[in-house]
Amino acid sequence: MAIGNSLSATILVVVLVVGARLPPATGASQGPSTLTSCLSSANLHPVSSSSSDYKADSLAFNRRLSYKPADIVFPASVQDVASAVTCASQAGIKVAARSGGHSYAANGIGGEDGSLVVDLKLLNSIKVTASTQTAQFGTGIRLGDLALGLFNGGKQAMAHGTCPYVGTGGHLGCGGFGFPSRNWGLALDAVIKAQVVLANGSIVTASATENQDLFFAIRGAAPSFGIVTSLTVKTHDAPSSNVMFHYVFNPLNATTAVNTFLAYQNYGANSAPPTLGMNVELDSGVFTMTGVYYGQKSDFAAVIKPLLDAVPQPPKSSSVKTYDWLGILKQLAGGDGSLNTTTKADTFDTFYAKSLMVAEDEHLTKAALTSFFNYLYGPGTKSDTSWFILADLWGGPGSAINAVSSTETAFSRRSTLYTFQFYASSSNSAPPYPSDGISFVDGMVNSITSEMPNTDFGMYNCYVDPQLSAAEAHTVYYGDDTTKRLETIKSQLDPKNTFSYPQAIGQ
Ligand SMILES: Cc1cc2nc3c(=O)[nH]c(=O)nc-3n(C[C@H](O)[C@H](O)[C@H](O)COP(=O)(O)OP(=O)(O)OC[C@H]3O[C@@H](n4cnc5c(N)ncnc54)[C@H](O)[C@@H]3O)c2cc1C
Ligand SMILES: *[C@@H]1O[C@H](CO)[C@@H](O)[C@H](O)[C@H]1NC(C)=O
Ligand SMILES: *[C@@H]1O[C@H](CO)[C@@H](O)[C@H](O)[C@H]1NC(C)=O
Ligand SMILES: *[C@@H]1O[C@H](CO)[C@@H](O)[C@H](O)[C@H]1NC(C)=O
């Protein structure tokens, strides 16, 4: 695929009506006060540090981290977004979009001090066209409302994460895994078209036929390239029968835990059909297998049999129940199961998390798993954090995630068997964060990687880890080839680094 050069020739500037409303560009960096007055002249009513709403409006979901934005705006149209970006780039201020605000690194408020935060919550409309199985929505909409909108608009659905309050802008810009993903792909694989505001304030369309480089970049590395204001996605008929299962294996000693995990790894690699999504959860050590079979209950026993036959001891307790589509989404949502985010305020947490992607051709060894469970059942029992680990099955026979070529989207790790998330929060979810929390989570990862020093483990960009340097982050999230290509595209679309945060492409 050609890199970059065709872009300036093919880009379509759809609307650019900012000149009349903004002070003239000076070309030089003017700083925060120029930004605020520019935003005010554009009728964007900026929330600045002197505003009474500033503190509440700059809170991150992850209360471990707090940063001070230059200003916060709530645009009501794509033209407003373009005006805001133009003001910031003229003033030499970096820009962060905020959709659901759930970035683990508080990147929705810039991941550092001094960004203009462009909050997209007013851009939350959705239009479903069931006859063509497509939907278009504003990226201010959150996952729960998206799922309700799709279902109410003709029993449609797509793959995405479980938490109703996660925003579509961040989620589809980094990946978007859910239990249907082995069958339907990541959320970003559903995208067929995007409307994007670029650093120079132009509003463009990206798709397989327009601005292909931008289309590549926003599917995995969106925050470095622009503000995606609306997305058009391919939808699926929502399955009417969905079998949810839980198997609890505790108590296990390290040896039995290793063998139970090996049974899961083998089952995932060899037997699990794509209509099955599942994970292993280790919740402060309790070993659970949870998942959904998107099919009939009468078929489920045969589907799960190879796994149950292979575990060293049978589950201590189990449950298998069938739900309709909204029923299964509510089960997975946790809390009170509400999908409508306008009916109740979001929660928050105070946490640190890391990830690890285990490749299809390099399974965890018995030695690595033994080291891992010895760590969990040793230091893990003494930590004053509240922790869990998930190992989500991504690959295996017929996985739609891995059917996509590694050069098609900026999300390029397309041979993952399963993805770990290691997550530790303060015991009451509020600050302060325990002083050994970060080293405890690092220890979880090291217990595995130290036993497999030559393995190229990837990490998952949606579980963004602010402890990594930009260079480390690019290698583990994108790999070196994709990073090079993204750097070329970045230099063409955002040469002044307007869309900047500590791990952005171009840092
Ligand atoms: C409770 C919880 C549950 C989760 N569950 C899952 C899960 O099941 N599966 C999964 O894959 N992930 C999951 N995640 C991770 C989630 O996908 C990421 O944190 C995601 O980036 C959050 O998106 P957001 O819009 O809420 O965050 P934000 O903080 O608003 O944005 C995240 C990043 O994307 C940028 N961004 C936001 N909107 C746009 C836009 N429109 N255009 C360009 N850039 C934009 C921001 O600037 C920031 O850099 C979960 C996270 C949490 C906190
Ligand atoms: C904005 O940037 C794009 C991409 O580099 C370019 O094609 C377009 O001409 C620019 N528009 C303006 C108004 O400068
Ligand atoms: C959520 O609830 C509000 C208030 O009852 C309602 O107006 C809105 O339409 C609901 N959203 C969805 C997606 O169903
Ligand atoms: C672990 O548990 C298994 C099964 O209960 C038992 O056979 C084994 O001896 C135990 N191993 C250790 C080291 O305690």
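The values are calculated or read from the model by the stated rules, or taken from the named source; none is laboratory data. Note that this is a predicted model, so its numbers are computed, not measured. Here Cβ is always computed from backbone atoms with ideal geometry, including for glycine, and neighbour counts include all displayed protein chains.
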Quick count over segment 233-256, residues being within 16 Å of ligand 4 (Cβ to nearest atom) and in a loop (DSSP other than H, G, I, E, B), is 5
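Looking only at residues in segment 200-227 that are of a type in the set (G, A, S) and in a strand (DSSP E or B), which one is farthest from D189 (Cα to Cα)?
Here the answer is A206.
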Of the candidates A263, A272, the one satisfying the condition of being assigned by TED's automatic domain parsing to the domain that holds D392, buried (at least 20 other Cβ atoms within 10 Å of the Cβ) and among the small types (G, A, S) is A272
| Regarding S230, is this residue over 25 Å from the mean Cα position of the chain (by Cα), in a strand (DSSP E or B), at negative phi and not aromatic (F, W, Y)? | no
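Which members of segment 81-95 meet the condition of being outside any loop (DSSP other than H, G, I, E, B), closer than 15 Å to L198 by Cβ and touching a Leu at 6+ places or on another chain (Cβ under 9 Å)?
Selection gives V81, A82, S83, A84, V85, T86, C87, A88, Q90, V95.
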Condition set over 14 Å from T139 (Cα atoms) and among the β-branched types (V, I, T), scope segment 186-209, selection nearest to ligand 4 (Cβ to nearest atom): answer is I192
Requiring at least 1 residues that are over 13 Å from the mean Cα position of the chain (by Cα) and farther than 17 Å from V228 by Cβ, the strands (runs of 3 or more DSSP E) wholly within segment 101-198 are 126-129
If we keep only residues of segment 275-306 that are of a type outside the set (V, I, T) and part of a helix (DSSP H, G or I), then the residue surrounded by the fewest Cβ atoms within 10 Å (Cβ to Cβ) is A302
Considering residues that are in a helix (DSSP H, G or I) and not assigned by TED's automatic domain parsing to the domain that holds G291, the number found within segment 331-390 is 3
Review point. Can you find even one residue in segment 263-280 that is within 30 Å of P75 (Cβ to Cβ) and touching a strand residue (DSSP E or B) at 6+ places or on another chain (Cβ under 8 Å)?
Key: no
Expected single match for more than 27 Å from F215 (Cα to Cα) and more than 16 Å from ligand 1 (Cβ to nearest atom) among G479, G398, G443 is G443
Answer yes or no: is there a residue in segment 336-343 that is away from ligand 3 (no atom under 16 Å from the Cβ), in contact with a strand residue (DSSP E or B) (Cβ under 9 Å, 6 or more places away or on another chain) and within 28 Å of A157 (Cα to Cα). no
In segment 130-150, residues that are among the β-branched types (V, I, T), touching a residue at least 12 places away in the same chain (Cβ under 8 Å) and more than 14 Å from ligand 1 (Cβ to nearest atom) total 1
(1) within 11 Å of ligand 1 (Cβ to nearest atom); (2) touching a helix residue (DSSP H, G or I) at 6+ places or on another chain (Cβ under 7 Å) all hold for I109 apart from (2)
Across (1) touching a His at 6+ places or on another chain (Cβ under 8 Å); (2) surrounded by 23 or more Cβ atoms within 10 Å (Cβ to Cβ), F420 clears everything bar (1)
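Matching residues to (1) farther than 17 Å from P180 by Cβ; (2) touching a residue at least 24 places away in the same chain (Cβ under 8 Å):
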{"residue": "Y264", "(1), (2)": "yes, yes"}
{"residue": "A269", "(1), (2)": "yes, yes"}
{"residue": "L276", "(1), (2)": "no, yes"}
{"residue": "N279", "(1), (2)": "no, yes"}
{"residue": "Q296", "(1), (2)": "no, yes"}
{"residue": "D309", "(1), (2)": "yes, no"}
{"residue": "K330", "(1), (2)": "no, no"}
{"residue": "D346", "(1), (2)": "yes, yes"}
{"residue": "S355", "(1), (2)": "yes, yes"}
Filtering segment 28-63 for residues that are farther than 19 Å from V95 by Cβ and buried (at least 19 other Cβ atoms within 10 Å of the Cβ) leaves a count of 3
Taking segment 199-253 and keeping residues surrounded by fewer than 22 Cβ atoms within 10 Å (Cβ to Cβ), more than 16 Å from ligand 1 (Cβ to nearest atom), at pLDDT 95 or above and of a type outside the set (S, T, N, Q) leaves A208, E210, K234, H236, D237, A238, P239, F245, H246, V248
